[in-house]
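Single-structure report; data block below.
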Amino acid sequence: MVNPIHMGVVGAGYWGPNLARNIAALRHTELSYICDIDEQQLEKIAPIYPSAKCTTRLGDLLEGNIEAVAIATPVRTHYQIAKKFLAAGKHVLIEKPMTSTCIEAQDLLNLAKKKNLVLMIDHTFNYTSAVKKMKELISKKELGELMYWDSVRISLGLFQHDVNVLWDLAVHDLAIMDYVIDEKPISVRAMGMTHYAKGIENIAYLSLKFNKSFIAHFHVNWLSPVKIRQILIGGKNKMLLYDDMLTSEKMKIYNKGVDVEETREGVYKKLVQYRLGDMHSPYLQNTEALHELLKHFVEVVRYGKKPISGADSGLRVIKILEAAQKSIVNNGREIIL
């Protein structure tokens, strides 16, 4: 008989109820605690999970008989809360972004290693069948040598009070790119603009430079009248479009490109030919990404598997976001990573 892993959820606001629902549905896992400072929010969620203790005291979870905790609180609180649970010997899953600074992220990573505990980040999109297929295609060189990454994540969005649009939206696509592409960026440039909340950019453009002839660009916006969630990846053999807003055929692979040949007149005269081929849309399983993430988290805790979205990936994403903020403050200056 497999002993269940007892888990708690800290934060019962926007994302916490989703975590609670999926934890409660997992096999060999028990939702033991739900913690939030808002008693009214706890009163709403308590009847749904009668076996879980709802509390406003973080100490109840720290002292309680749980092995792991999922944290879904404001970003500015991630570091202090996660550090307390790691120090208490609990495995931790943190909602994205991991922390507010690289120093905080590195400290949590070091503490988790020292205590031999699992520290994972809720980079949910990395557990979708679409992103898994994306990684498979790139790993197998199906697209050929990669040339560019264009990402758009815009909507008339939910304004955050403690992070700007890069930390709220770009974090998703940065985590996806970190997962599917082995090459890591060497520098960052970013431009952003604040229209409403002082010091919190609501629109931003981020560009990443790599050692190879590959460039990545991210456009994020809380002020768009339409909602767009697209990633376009260009390879020398094929090109890939991922549109998360579609209900079917979310991913399309185009056998299109450019072939360049030198002519007899010499190296400075080149013949450019456009290659137009078929479009293929691979089959993608319709599974809930958060369920897959939590199932993976439990497997990492139980069997010591290597995490897909471990603290190291969380730290790499924070480094880019921190550099991007520095670039915005310096009017788009290149920041070396």
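Can you order the peptides 46-55, 211-220, 31-40, 16-25 by their average number of other Cβ atoms within 10 Å per residue, highest first?
Values: 46-55: 14.2, 211-220: 17.3, 31-40: 18.8, 16-25: 20.4.
Result, highest mean first: 16-25, 31-40, 211-220, 46-55.
Can you compute 3J(HN,Hα) from phi for each residue in the stretch 244-255, using the Karplus curve 6.51 cos²θ - 1.76 cosθ + 1.60 with θ = phi - 60°, rounded to whole Hz and x for Gly and Pro?
6, 7, 7, 7, 9, 6, 5, 10, 10, 10, 9, 8
Within 15 Å, Cβ to Cβ, of Val226, how many net charges do the neighbouring residues add up to if Lys/Arg are +1 and Asp/Glu are -1?
+1
Just to confirm the number: angle between the C-alpha axis of helix 16-25 and the first principal axis of the chain, 0 to 90 degrees, nearest 10?
80
Step through the table entries Lys96/Lys132; Lys96/Lys238; Lys44/Lys90; Lys113/Lys135, compare each Cα-Cα distance with 21 Å, and write down the pairs that go over it. Kindly include the intermediate steps, with their values, before the conclusion.
Working: Lys96/Lys132 19 Å; Lys96/Lys238 31 Å; Lys44/Lys90 27 Å; Lys113/Lys135 27 Å.
Lys96/Lys238; Lys44/Lys90; Lys113/Lys135, as the Cα separations exceed 21 Å there.
Quick one: Ile138, Ile318, fewest Cβ neighbours within 10 Å first, how do they rank? Display every interim value, and only then the final one.
Working: Ile138 18, Ile318 25.
Ordered by Cβ neighbours within 10 Å, fewest first: Ile138, Ile318.
How many angstrom separate the Cα center of the stretch 285-322 from the Cα center of the stretch 3-67?
20
Restricting the count to DSSP beta bridges whose residues both fall in the chain, what percent are antiparallel, rounded to a multiple of 5?
Details: 45 of 73 bridges.
Just about 60 percent of them are antiparallel.
Of Lys141/Lys184; Lys227/Lys319; Lys84/Lys305, which sit over 19 Å apart, Cα to Cα?
Working: Lys141/Lys184 17 Å; Lys227/Lys319 27 Å; Lys84/Lys305 24 Å.
Violating the 19 Å limit, Cα to Cα: Lys227/Lys319; Lys84/Lys305.
Write down the Kirkwood hydrodynamic radius of the chain, to one decimal in angstroms, obtained as one divided by the mean of 1/r over all alpha carbon pairs. Could the numbers behind the result be given before it?
Values: mean 1/r = 0.0465 Å⁻¹.
Across the chain, the inverse of the average 1/r is 21.5 Å.
Using the eigenvalues of the Cα gyration tensor, what equivalent ellipsoid semi-axes result for the stretch 1-94 when each is taken as the square root of five times the eigenvalue, whole Å, largest first? Walk me through the intermediate numbers first.
Details: eigenvalues 64, 57, 26 Å².
Rounded to whole Å, the semi-axes are 18, 17, 11.
All of the numbers you see were taken from the coordinates with simple rules; none came from a lab. On a predicted model such as this, the values are computed, not experimentally measured, just so you know. No Cβ is skipped: glycine too gets one built from the backbone with ideal geometry, and neighbour counts run over all protein chains shown.
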